[in-house]
Amino acid sequence: MTSDSTRREDTALRAVREALTRMGVTLGGHELELQTLASAVYQHGGTYGIDIGGGSYHAEILPVVSGKDTPQGMGVGWTPAVALAFALIDALAEDADDGQ
């Protein structure tokens, strides 16, 4: 995937890409695009923030409206897009669990 990722990270990212696709998030080609992921966050009623610390990016998805039933998630990655992908799958999985 990227020269900065390990084999374990590549495997995890592949699983996240597959899960996001199953959950209706349309991803582009080989690389994750921050704009596409941000659009999916907004489509699901959230907003996001990305920080860098300790050599990793940390993404957090928060509800736009307090008290609204929206997905929330956190993720860490070696690029902003990877961190947001992990946060998005976390948020969508949490949202799916709340809906059952």
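Annotations
- Enumeration of residues in the stretch 63-76 that are crowded, with 16+ Cβ neighbours inside 10 Å and modelled with pLDDT of 80 or more: Pro63, Gly73, Gly75
- Top-ranked residue of the stretch 27-53 - restricted to ones that are modelled with pLDDT of 90 or more and farther than 22 Å from Val65 by Cα, ranked as surrounded by the most Cβ atoms within 10 Å (Cβ to Cβ): Ile52
- Number of positions in the stretch 7-26 that are hydroxyl-bearing (Ser, Thr, Tyr) and at pLDDT 80 or above: 2
The values are calculated or read from the model by the stated rules, or taken from the named source; none is laboratory data. Everything numeric in this text was worked out from a predicted model, so none of it was measured. Here the Cβ is made from the backbone with ideal geometry for all residues, glycine too, and neighbour counts use every protein chain on show.
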